[in-house]
Amino acid sequence: MIRFGIVGCGNISGTHAEALQKIQEAQLTACCDIDEVKGRRFGEKHGCSFYGNYLDMLKNGEIDAVIIATPHYLHGQMTLQAFEAGKHVLCEKPMAITVQEAEQVLAKWEEQPDLHYAVCYQNRFNPSYAQLKTMISQQAFGQLKGIKCELTWHRDKGYYEAASWKGTWKKEGGGTLINQAIHTLDVVTWMIELPEKIKGKIMTTLLEETIEVEDAAMATAVLPDDVPVVIHDSNNYSSDPAPSVTFDFEEARVVLTADKLVVNDVAAPLEEGMVSEVAKAYWGAGHLHFVRAFVNQLVGLPDPHAEYLAVEDALDSLKMVCGIYESDRSGQWVQLNK
């Protein structure tokens, strides 16, 4: 039995708690939040002990692993503290808000071979993603000519005012790119590879009176053989349609969303996914499979999806995000594979 502690009792923590409840080899033992009312309410709902201090929770010898679901700026620091305490870590994305801090996390993890670590890119576990990953690895569509990434969601003033850390460079690390579009960029880096360079612009439009970070961005990245990756990202749309990634192959046009895989305008049959009762539809349905794969690693059980867990390669999508921010400041191309 792997005993977990969750730090951060916001929206996404409920999805992780639900997943743990459905995994026989896992148990939610403790939760932690600086908001005592919210944290105690979460603990009562999920039958676990409450801590108001993260370091105190880490001292609990009955906790084997922690799930980090706190504001972005705490992810790297809390991961390092968990490693120091000898805990396995499952961290929400991003793994950190700078490439330098993310590299420090990976370096520390590599010093402790007995500890497991993974970053939550749950969409990798959606049946549509898994199937396309296999098809690309089998070179089913011929040479890749280009990729188009599109995310248009709705995040209004109320969304940002509900959490004071959001919408700030210091605590969120950015806006729609690092919070929402990073999952879409992970499709590129996981399915294909990290682009060689990137150039982009960010802007704050409808939310300029509310946030200091971007609510929209556009960029172009370049893969080897001069394959372009075109990126369009905005939080200013009227609703939350599923993000899409379009692959232009020599022999097929492939459109990927959280729950659909369309090849040359024909929907491919997919394995039935596990739908979460807590997660929002546009988050995808992969959280349960993600957490189960992580737990199976800890208990030594084989898992067909274990290779989908993001560890070292979680850094790649963060490099793309930070590369766009750097390019916006400099007006220049940013090399990503240096």
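The values are calculated or read from the model by the stated rules, or taken from the named source; none is laboratory data. Please read all numbers here as calculations on a predicted model, not as lab measurements. So basically every Cβ, Gly included, is an ideal-geometry build from the backbone, and we count neighbours across all protein chains shown.
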Hey, residue 158 surrounded by 21 or more Cβ atoms within 10 Å (Cβ to Cβ) and not basic (Lys, Arg) or not: no
Enumeration of residues in region 103-136 that are part of a helix (DSSP H, G or I) and in contact with a strand residue (DSSP E or B) (Cβ under 9 Å, 6 or more places away or on another chain): 105, 106, 109, 124, 127, 128, 129, 131, 132, 135, 136
Top-ranked residue of region 62-102 - restricted to ones that are part of a loop (DSSP other than H, G, I, E, B) and charged (D, E, K, R), ranked as surrounded by the fewest Cβ atoms within 10 Å (Cβ to Cβ): 62
Identity of the residue in region 285-337, without any contact (Cβ under 8 Å) to a residue 40 or more places away in the chain and in the same structural domain as residue 260 (by TED's automatic domain parsing), that ends up nearest to residue 13 (Cα to Cα): 326
Unmet requirement for residue 180, which otherwise passes all of (1) part of a loop (DSSP other than H, G, I, E, B); (2) in contact (Cβ under 8 Å) with a residue 12 or more places away in the chain; (3) surrounded by fewer than 21 Cβ atoms within 10 Å (Cβ to Cβ): (1)
Any chance residue 42 is more than 19 Å from residue 298 (Cα to Cα), outside any helix (DSSP H, G or I), at pLDDT 95 or above and not aliphatic (A, V, I, L, M): no
Leading residue by the ranking (farthest from the chain's Cα centre (by Cα)) among those in region 19-39 that are in a helix (DSSP H, G or I) and surrounded by 19 or more Cβ atoms within 10 Å (Cβ to Cβ): 39
Test set (1) over 21 Å from the mean Cα position of the chain (by Cα); (2) of a type outside the set (Val, Ile, Thr); (3) modelled with pLDDT of 95 or more - residue 140 fails condition number: (3)
Matching residues, region 175-184, being under 20 Å from residue 335 (Cα atoms) and out of contact with any strand residue (DSSP E or B) (no Cβ under 7 Å at 6 or more places or on another chain): 178, 182
